[in-house]
Structures are given as structure tokens and as C-alpha cells.
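The values are calculated or read from the model by the stated rules, or taken from the named source; none is laboratory data. Bear in mind that the values here come from a model prediction, so they are computed numbers and not experimental data. Positions of Cβ are backbone-derived with ideal geometry, glycine not excepted, and every protein chain shown enters the neighbour counts.
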Amino acid sequence: MKKIVLIGGGNQCHYTADIINKEDKYNIIGVIDSVHEIGSKVFGYKVLGRQENIKELIDKYGIEGGVISIGDNWARYCVSSQIKKLVPLFNFVNAIHPSVVIGENVDIGEGVVAMAGCIINPKSKIGNFTFFATGAQVDHDCNINNFASISAGSITGGYVTLGKYSAITLGVTVIDRLKIGSNTVVGAGSLVLKDLPDNVLAYGNPCIIIKKRQKGEKFLK
Amino acid sequence: MKKIVLIGGGNQCHYTADIINKEDKYNIIGVIDSVHEIGSKVFGYKVLGRQENIKELIDKYGIEGGVISIGDNWARYCVSSQIKKLVPLFNFVNAIHPSVVIGENVDIGEGVVAMAGCIINPKSKIGNFTFFATGAQVDHDCNINNFASISAGSITGGYVTLGKYSAITLGVTVIDRLKIGSNTVVGAGSLVLKDLPDNVLAYGNPCIIIKKRQKGEKFLK
Amino acid sequence: MKKIVLIGGGNQCHYTADIINKEDKYNIIGVIDSVHEIGSKVFGYKVLGRQENIKELIDKYGIEGGVISIGDNWARYCVSSQIKKLVPLFNFVNAIHPSVVIGENVDIGEGVVAMAGCIINPKSKIGNFTFFATGAQVDHDCNINNFASISAGSITGGYVTLGKYSAITLGVTVIDRLKIGSNTVVGAGSLVLKDLPDNVLAYGNPCIIIKKRQKGEKFLK
């Protein structure tokens, strides 16, 4: 089995490890993290080093790939960009829980994480470094752009577009054929009935725009 | 494997084909459709002809059954009626995704389509030509009448009745023991706390009646 | 296979039996119930006797364990207490539908019932005699206390605490890091954005406190 690392030692590290262990395709040899002490353990995995030293770590440990285990979309973008700059051909693998159902003609990028119970229907396009939490559902012919995320229990109708870095949070329903811009966050429990532009926070039933957001502004607690 | 056709060449055709291919019980030999040119291809399947010529098509292609792949409930009723008139013993098969969970003592009719992740609990009665989209949940002792539908992520409590031709759309919650009449549509994201009569459009949290509907009035975009 | 009984002959008895039959780990030899006539049948299972006679029934029928199939949280507490008083080492088994997904390092108590499609994420703690209805989702690092329940289609974020005897009913979303007290009921379709104290009924989008509740007050119809 290929030796891989988890990049990011926070909460998401734990359930990403769970997915990878259940897939049984890769061997997690450690964690790359910018906070925890090198040599210490997170969720049972040794912290091997910092991402800025990824080149040396690859040589030292024989790392053959990795998954970014970070929930914040913008942070996932920054980390992947830095690694790609240092190691342009770094092998970002996917972590797809065995219970995930993927329809025909779904196009899935690299570095995608999908937790238990997700369903992605035919002809949807799933961008790079997207994240799908427990039981997220993407209907047919959707377009989920790079670094976007859909949280637990949220569902989209068919032909929905979700822009780059945008986050649909917990328990959201998005009806058919809507376009949600990039860097936009939809708050928990929302019912989205209209398109949403770039760079906004929106929520409610029905969902309305609450305020503008900056690129990279935090949305997870 | 029995040779079957998909009747209806729109979007629903694609994910119905996906289900049937994953079930691996039937061989889809083509599509019967009233719009696409005969001989052209939809989602990789040849358009064999029109439904009004079903008798000749059966003879010509050795068709042994079919599934109606049409999302609109009333249209599904009209098409099934026409075919039954022309070929009274036509074999309408079910398309049940392998991930669907069906409880003990569930009674399932003919021509039923259930997408990935649906759960139907014990002692529920599932009528003919009903449609269950991704992750729809029907609790115990429910009665889902002919030509009714439940869209993605919607759930019913126990002992719920859904009338003929009625549609529960995306992300709806219906509490226990309610009766929803026939030809009624419940809009997306609704929380249904009271019975609903026949022939209405209703939505909201809590769900209220918005207006009367005509038989066969469109509800899908 | 170990011979077990279902304790409680109401609706929950039927789907608990369905789960146990699909798990294929135990042999249900009958039902213990305080209402139905002894010797009569419920859902195909013989009523063996009353719970106050559990000791004699164990001797007579060679009962090796049981599951309480009662939906009301307080009633489940009362019944389990009485049985534990009479037979301190009674073997309360779990009924976990084969489709349920359980993450790494989840700690599960005794007498737990989880219906089809439930997902429990890593490091959550699932108390004794808890009940999870169809498709309920518990995210990572949650703490679901003894005798609590989560109904169909309801989801929690990570680090959520649900107090003893408390019930999250149908189609509820609870965001990350909230604490819901004990003996509290969250009504259907609610979006919970703030902590909730002990002994209240709360609902709405967003969820607000509606009234105080007494210990053991009924919440199911």
C-alpha cells in the first residue's frame, strides 16, 4: 500500500484517517502539521514535520501521497498551493468513505474528501480539494468547484453550481438549477431558493444575503 | 437478462439507467421517447421509437419490460395509462438502487423507482409508479399512493399517507400520522405539521396552503 | 444464536425485530409486554409475559438477553430500571441495523437501538438505552447521554452534548459545540443554534424555548 500523510492535525484529521483506514487503499505513516510538536502524536499518528519542509519529509519517510485534512476551504487552498509550489507533482489522493454512492459519469478531481453516507448523482462534476461531510447529497448534473464544501445533511437539487471556496454548511437545502457564487457561505438550516452572488454570507428559510465576506474569512468555529 | 426499455428520455432517464445498471438485473436495450429523433442517442441509449408504437416496438426488439423514467407524476400516470391500454400485460419493472434499505413487510407495487440512499421502513405500502429521489425516507406503516413522489432528502414520520399524484419535494419533513391528499404538492424545505387536502400547493415552516392546483399542473422546473 | 426477547410490544417492536433479524446475531423468541394478552402474537412474536415476571420468564424460556423496544425515553428508563432491579445482570443487547456506519473510537453503551442509515462519527460517546431513528447522524466527538434519542433525519454537528432522557425529534439540525440539557425535547424541523437547558420543550427555525416540561412528560403521539 502506498505510504501517505495527512496534512493538517486538527479534528478533520481524525475522521479523514477513519475514512482512509476503512478504504484500506493507503497506509497513513504520519501527519504534517504546523502547530503540534514534531514527534508528538495526534489521533495516534506521529507528527512528521511542517508543510514547508515537505520535500525533505518526502525523501526522509518515502511519502507517496497525501490528503489535506483541514475543514476551512480557504486554508485548504493555501496549503495545497504551497505544497504544489514546493512539489509540483505531489500526489493528492482522495478519501472517499466506502459507503459513499457515486453515480455514472461523475467526474471527480484530486484531494477530495467525502465522509460516510454521501451521495453524488450522475454527471456531476466534483472539483479538486472539495469536502463533503456526513450524508451530503449532490444531485445530477451539478458543478461543485475547487475548494468548495458541503456540510453534513445538506442536499442540492440537480444542475446546481457551487463556486470556488464556497461552503454550504449543516442541514441546508438548495433547490434545482441555482448558481451559488464563489467565496460564499450558506448558514446552517437554510433553504436556498434563489441564486447567490460571490463573497456573501447568506442564511435563513428562505435564505437571504446577510453580509459581504472577505476572501479567506473564517466560517467554522 | 431480460431486455427492457426506459420510457422517457429526459434527465430522469440518466439516473434510472444508472440504477438499473447497478442492480444488474435487466439489460437496457434503448429508450422510448416522444421528443428525441428515432435512431438518435440519449445518455448512450438508442431512441427506439414512440410510446404509441409500443406494440410494434415490442415485436421488433423483443422488449420484455420497461421503466417509466419521467419525474412529473401526472405525466407518469398518462404514459403508463396509454401503454396499459395498448399492451394490458406490459411488464413494468422496478428500479431500486442497491443501496436502498427496505424493511420487513413492505408492500411494493410495479414501476417504482427509488434512487440511492432511500430507506423504507416496515409495513409501509408503496404504490405503483411512485418515485423516491436520493435519500428519501419513508417511516413505518406509511401509505404512499400510486404516482406519488418524494424528493431528495425528504422524510416522513410513521403512519403518513401521501395521496395519488402528490409530490413531496426537496428537503421536506412530514411528522407522524398526517394525511396528505391527492394531487397536492409540498414545496421545498417545508415542515408539515398538519393534514393537507387534495389539489393544493403548500409550503413553509410550518407548511401552509398557498393555492389550489389543477390536476396535472406542472410542479417541476 | 442467543435467545433474546423484545421488551415492549408497540410499534417500535416491529422495526426493532426487523433490525435484529437483519443483523442475524440473535434469535427473537418472543415479546415481554404489559398490555397484550399473554400467549397472543404481536408482529408474529408470542407475548411471553410481563416484565415484573422477568425472572420466571428467563427460567421458563431460557432467555439470554433482550432489547427494550419502546420509543418514549422515560418509559425506556423505567422499564430498564425495573428489570435491572429484578435481574441485576440482565444482558441488554444492542440492535444496530447493518447499514449503520460507526466511526473509529466510538464508545457505545448497552441497550442501544439504531435504525437503518444512521451514521455515528469518530470519538462520539453513545450512552445506554439511547435510540437513533432512520438516518439520524451524530457527528464527531458528541456525547449522547443515557436514554436520549435522535429521530429520523436529524443531524448534529461535532462536539454536541445531548442530555439524559432528552429527545431530538424529526428533521432537526443542531450546529457544532452545543449543549442540550437533560429531559429536554426539540420539536420537529428545528434549527438549534444555541444551548438549551434541562426540562424544556423547544422548537422553531431558529429554535426557541416554548415551555417547561416535567420529567417523564409524553412527547410522542
Considering every residue within segment A:193-213, establish whether at least one is out of contact with any strand residue (DSSP E or B) (no Cβ under 7 Å at 6 or more places or on another chain), within 14 Å of chain C (Cβ to nearest Cβ) and without any contact (Cβ under 8 Å) to a residue 12 or more places away in the chain. no
Name every residue in segment B:95-111 that is among the polar types (S, T, N, Q) and surrounded by fewer than 20 Cβ atoms within 10 Å (Cβ to Cβ), in order of residue number. B:N105
Is there a residue being in a loop (DSSP other than H, G, I, E, B), polar (S, T, N, Q) and touching a Cys at 6+ places or on another chain (Cβ under 7 Å) anywhere in segment C:74-93? no
Can you find a residue that is hydroxyl-bearing (S, T, Y), modelled with pLDDT of 95 or more and within 22 Å of C:G10 (Cβ to Cβ) anywhere in segment C:117-124? no
On the basis of being aliphatic (A, V, I, L, M), surrounded by 20 or more Cβ atoms within 10 Å (Cβ to Cβ) and within 15 Å of the chain's Cα centre (by Cα), does C:I68 make the cut? yes
Scope segment B:76-94; condition buried (at least 17 other Cβ atoms within 10 Å of the Cβ) and either in contact (Cβ under 8 Å) with a residue 60 or more places away in the chain or over 11 Å from the mean Cα position of the chain (by Cα) (or both); matching residues: B:R76, B:Y77, B:V79, B:S80, B:I83, B:F90, B:F92, B:V93
Within segment C:25-32, is there a residue that is under 24 Å from B:D139 (Cβ atoms) and within 14 Å of the chain's Cα centre (by Cα)? no
Taking segment C:127-159 and keeping residues more than 8 Å from chain A (Cβ to nearest Cβ) and surrounded by fewer than 23 Cβ atoms within 10 Å (Cβ to Cβ) leaves C:G127, C:N128, C:N143, C:N145, C:N146, C:Y159
Determine, yes or no, whether A:F129 is on the phi > 0 side of the Ramachandran plot, in a loop (DSSP other than H, G, I, E, B) and in contact with an Asp or Glu (Cβ under 8 Å, 6 or more places away or on another chain). yes
Hits in segment C:112-125 (condition: away from chain A (no Cβ under 14 Å) and either buried (at least 24 other Cβ atoms within 10 Å of the Cβ) or under 21 Å from C:A188 (Cα atoms) (or both)): C:V113
Qualifying position, being surrounded by fewer than 18 Cβ atoms within 10 Å (Cβ to Cβ) and either closer than 23 Å to C:D139 by Cα or among the aromatic types (F, W, Y) (or both), among A:G216, A:G204, A:G187, A:G171: A:G204
Residue under evaluation A:N27, criteria (1) away from every other protein chain (no Cβ under 14 Å); (2) touching a strand residue (DSSP E or B) at 6+ places or on another chain (Cβ under 7 Å); (3) assigned to a helix (DSSP H, G or I), criterion not met: (3)
Which members of segment A:132-159 meet the condition of being in a strand (DSSP E or B) and within 20 Å of A:G71 (Cβ to Cβ)? A:F132, A:Q137, A:V138, A:I144, A:S149, A:I150, A:I155, A:T156
Out of all the residues in segment A:160-191, which are under 26 Å from B:Y15 (Cβ atoms), assigned to a loop (DSSP other than H, G, I, E, B), within 14 Å of chain C (Cβ to nearest Cβ) and among the β-branched types (V, I, T)? A:V172
Test of understanding: among C:G39, C:G62, C:G8, which residue is at positive phi and free of Cβ contacts under 8 Å to residues at least 40 places away in the same chain? C:G39
Output yes when any residue across segment B:129-139 is among the small types (G, A, S), out of contact with any Lys or Arg (no Cβ under 9 Å at 6 or more places or on another chain) and closer than 17 Å to B:L196 by Cα, and no when none is. no
Looking at segment A:18-37 only, could you name the residues that are of a type outside the set (G, A, S) and under 14 Å from A:Y61 (Cα atoms)? A:N27, A:I28, A:I29, A:V31, A:I32
